[in-house]
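Everything on this sheet refers to the single structure shown next.
The values are calculated or read from the model by the stated rules, or taken from the named source; none is laboratory data. Quick caveat: nothing in here was measured; it's all calculated off a predicted structure. No Cβ is skipped: glycine too gets one built from the backbone with ideal geometry, and neighbour counts run over all protein chains shown. All accessible areas refer to the heavy atoms of the entire protein, side chains included, with ligands and DNA or RNA removed. Shrake-Rupley method; radii C 1.70, N 1.55, O 1.52, S 1.80 Å.
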Amino acid sequence: MNAIKRSIPNLITCLNLLFGCIAIVAVFKNHLADASWMIVYAAIADFFDGMAARLLNAHSPIGKELDSLADVVSFGVAPGMILFGLIGTHPYDWIGLLIPVFAALRLAKFNIDTRQTFYFIGLPTPANALLIASFPLIIQHDAYWQAIYLSNISFTIWFFVCVALACSALMVSPVKLFSLKIKNTSWSNNKTRYSFLLLSVVSLLLLGYSAVPIIMLLYIILSLMSKKSFAPPPAA
């Protein structure tokens, strides 16, 4: 029974990896929106594997390594392939593949950095992947952006090249970004987190998929404005 309990978080992590692999296959089939949803499902699995490990007290060295390996695929290779597809058959399409390279660097740095317990240094790979995954969904559901994507090829290419370069740089940047882990329910200790969550929900309700890039920009701005969010929570 204990062996089964210890295996549950790793099984959820494997589900994360499976969704990432399916996302890559979807890109090869030119189903970029489907690939985006697979990344969303991978992010949900990534959230629940950590939760399961904490609830079941089933942390293990292999779980940590497996999580990083799965994240490289689901939040590195898969979003990189989406950008590769969005840039299209062009001499610059390879730039989208910088994403898995810098995602691997980001995850390797995270694994050995003891400072990132209460905050992140650089943009977390799941957040970066969800940002990239939002673009095919925006193009699919927003007629305005769909028209630009289909008619203005030059703008499309350079826009997504810039996205690839900016996202790669953000993942390994020294910028401190607050974590959404809430250690206690106090407003004073979580003011930035609660404000961000509220604004994110409102943005999603008003703008749908188009809200995701705005939410990511908001996350970075609030992190730059906040200092209290980087302090360890008070002892219980």
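Suppose all protein chains stay in the model; what accessible area per residue would a 1.4 Å probe give for region 3-67, in Å²?
I get 58 Å² per residue for region 3-67.
In degrees from 0 to 90, rounded to the nearest 10, what is the angle of the helix 61-72 Cα long axis to the longest principal axis of the chain?
20
Rank these residues by their accessible area, most exposed first, probe 1.4 Å: 114, 125.
The ordering from most to least exposed comes out as 114, 125.
Grab the other residues whose beta carbon is less than 14 angstrom from that of residue 43, score K and R as +1, D and E as -1, and report the net.
My count for the surroundings of residue 43 gives -4.
Using alpha carbons only, how many degrees (0 to 90, rounded to 10) separate the axis of helix 32-55 from the longest principal axis of the chain?
That helix lies at roughly 0 degrees to the long axis.
Using the Cβ atoms and a cut-off under 15 Å, what net charge is assigned to the surroundings of residue 209, where Lys and Arg are +1 and Asp and Glu are -1?
My count for the surroundings of residue 209 gives -2.
Please find, in a Gaussian network model of the chain (springs between Cα atoms separated by less than 10 Å), the residue of 144, 209, 194 whose mean-square fluctuation is greatest.
144
So, R0 is 35 Å and r is the distance between the beta-carbons of residue 4 and residue 140; what FRET efficiency does that work out to, to 0.05?
0.30
Would you work out what percent of the accessible area of the chain, with all protein chains in place, is carbon or sulfur (probe 1.4 Å)?
Ligands and nucleic acids excluded, carbon and sulfur give 72 percent.
Would you mind counting up the charge near residue 17? Only other residues with Cβ under 15 Å from its Cβ, with Lys and Arg at +1 and Asp and Glu at -1.
So the environment of residue 17 carries a net charge of -4.
Helix 125-141 versus the longest principal axis of the chain: what is the Cα-based angle in degrees, 0 to 90, to the nearest 10?
Rounded to the nearest ten degrees, it is 40.
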